[in-house]
Each structure stands twice: as C-alpha cells, then as structure tokens.
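For reference, the structure is listed below as structure tokens.
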Amino acid sequence: MINDIVTGLDRTLAALADPTRRRVVDLLRKGPRPAGELAATAEMSGPAMSRHLRVLRASGLVEAENVAHDARLRVYRLRPEPFHALQAWLGLVEEFWDDQLGAFKAHLERTRPGKKER
C-alpha cells in the first residue's frame, strides 16, 4: 500500500514539474475545459497540448470525458484524489518542520544568554 502511495506521489510530482502542465491544472481548477480551449489559452498547438494532457491523464491528475453531441470532443477535468494525497504528504513534511522548529525554539529559550536558571 505504501509503495502505491509513493508511486502515485512520484507520478504527481513528475507531472507537475512542467510549468505548462501546472498552467493546465490552474486552468482546470476553474472548471472543466475542452482540449482545444486549453491549447488556445496556453498558446500552443493541439498536438503539443495533447502530449501534456496525456502525461496529466497518466499521472491521474486529470480525466477526460467525451461530449455527448460530439464523440471527437473531449472535456478535461481535475481529479481530486492525487491532490489530496499530495496535500497529505505535504502536511507530514510541514509537521516535521514544525516539530524541528519548535525544538530549536525551545533550545534557544533554554540557552539564551542572561536567562536565569530556575
């Protein structure tokens, strides 16, 4: 189970390492959009956007749905699960640093010059 979480997190981070894919995620955060609209907004060709969307789909960050009136048109939307997993992992990292900084602060308060011992 932990290996699945790590593998999923690795795929998420690898997909988000690219600035264009982060921009696509930001656009989709505002709501589902067709691939053509994403390409036009990002000022790139359809095939180039398609490659980015393929990576985002493989990572599980987005999903595509065919539109009922046109089977050739796909609308992309964010999937929440990978973002929840990323947020949970970041929470653990933040918790570690909070503990470390708290211990450092306590150490400084104990060893601060001029402080009277009790």
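Things to note:
- The sole residue among Leu86, Leu73, Leu56, Leu90 that is aliphatic (A, V, I, L, M) and at pLDDT 95 or above is Leu56.
- Residue list for the stretch 30-55, filter: closer than 17 Å to Pro80 by Cα and among the hydrophobic types (A, V, I, L, M, F, W, C): Leu53, Val55
- Glu109 meets the stated requirement of being out of contact with any Leu (no Cβ under 6 Å at 6 or more places or on another chain), modelled with pLDDT under 90 and not hydroxyl-bearing (Ser, Thr, Tyr).
- Residue count, the stretch 41-61 (criterion: among the polar types (S, T, N, Q) and closer than 14 Å to Leu16 by Cα): 1
The values are calculated or read from the model by the stated rules, or taken from the named source; none is laboratory data. The model shown is predicted, which means the values in this text are computed figures rather than measured ones. Cβ: placed from backbone, ideal geometry, glycine included. Neighbour counts: every protein chain shown.
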